[in-house]
1. With each label point set 7 Å from Cα along the Cα-Cβ vector, what nm distance links Ala185 and Ser50?
2. Set the Förster radius R0 to 25 Å, insert the Cβ-Cβ distance between Glu61 and Glu110 as r into 1/(1 + (r/R0)^6), and round the FRET efficiency to 0.05.
3. At 0.36 nm per residue, and after removing the present C-alpha to C-alpha distance, how many nm does the segment from Asp135 to Gln120 gain when stretched out fully?
4. For Ser180, what is the net charge nearby, where nearby means another residue's Cβ is under 13 Å from its Cβ and Lys, Arg count +1, Asp, Glu -1?
5. Two decimals is fine: what is log10 I(q)/I(0) at q = 0.10, 0.23 Å⁻¹ for the stretch 82-203, from a Debye sum with one equal scatterer on every Cα and no solvent?
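All of the numbers you see were taken from the coordinates with simple rules; none came from a lab. Just so it is clear, the model here is predicted, and its values are computed rather than measured. So basically every Cβ, Gly included, is an ideal-geometry build from the backbone, and we count neighbours across all protein chains shown.
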Amino acid sequence: MRHSKLTMLCTSALLLAACGGGREDGDNAVAENQTETPGSGPIEEAPAVSLVGPDGQILGEVRAGDSPEGAVFQVVAQGLPAGVHAMHIHDVGLCEVPTFESAGPHWNPENKEHGLHNPQGPHRGDLPNVTVGEDGAFKGTVTVENSNLRGSRLYGFANQIIDENGAALVIHAKPDDYQSQPSGAAGDRIACAVLGAASMPPS
C-alpha cells in the first residue's frame, strides 16, 4: 500500500488552532504537524521552481527531492485563498495560464480511480488537502511514499514521477472530497508548479 504523508507548518496565528490534530483518516493519507525547525533538512538545498497563479504571478516556490521514504515536495506560498484546498501531482510538466489544463490529469500510472477514500483508488498523484491561513500563506512538506522523482534503484522507473511528460504540482480552489471522479470535486486549478518540463506539449 502506498501512502502520502503531509507535514504542515502553521504560518499565522489564526492557523495555529486549525493545525492542532491535523490527521487525515484515509487509507492512503496521513497528515501530521511539523515539529522540526523550518528550513532544515536536505530538501532545503534542492532547486526551487516557481508556483504560479492564473495571471502568471509568482505565488511561491516548490522544492523537490528523493528520500529513503519516497519523493519529497516542500511548498511555500503566499497570496492563496484562505481555507482548505486540494493539492495533486499532475501528469504533464506544463503550466499554461490561466486554467493550467495543460498539466493534464493526475499522475496515475496504475490506472486506478481517484480518491484517498476510494477502495478502487487512489491515483498516485492524490495528495492530502492543505490548509491556507487567513493571511494567504502556506508552508508544508509532502512525501509520496514508494515513489521517486526519476527512476532509481530504490523504487524503479515504474514509480518515477518525472518521465517524458514531465510532472506538475497543482493546487485547486476547493478541497478534495477524496472520492468523486475524476478529481474529488476540487474545482479550478489556481496554482501550478512545473516539477519537470514535458519533452513536448500535450496534443
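1. Simple spin-label model gives 3.5 nm for this pair.
2. Details: r = 29 Å, r/R0 = 1.18.
With a Förster radius of 25 Å, E is 0.25.
3. 1.7 nm
4. Details: positive: Lys174; negative: Glu113, Asp126, Asp176, Asp177.
Combined, the nearby Lys, Arg, Asp and Glu give -3.
5. -0.29, -1.41
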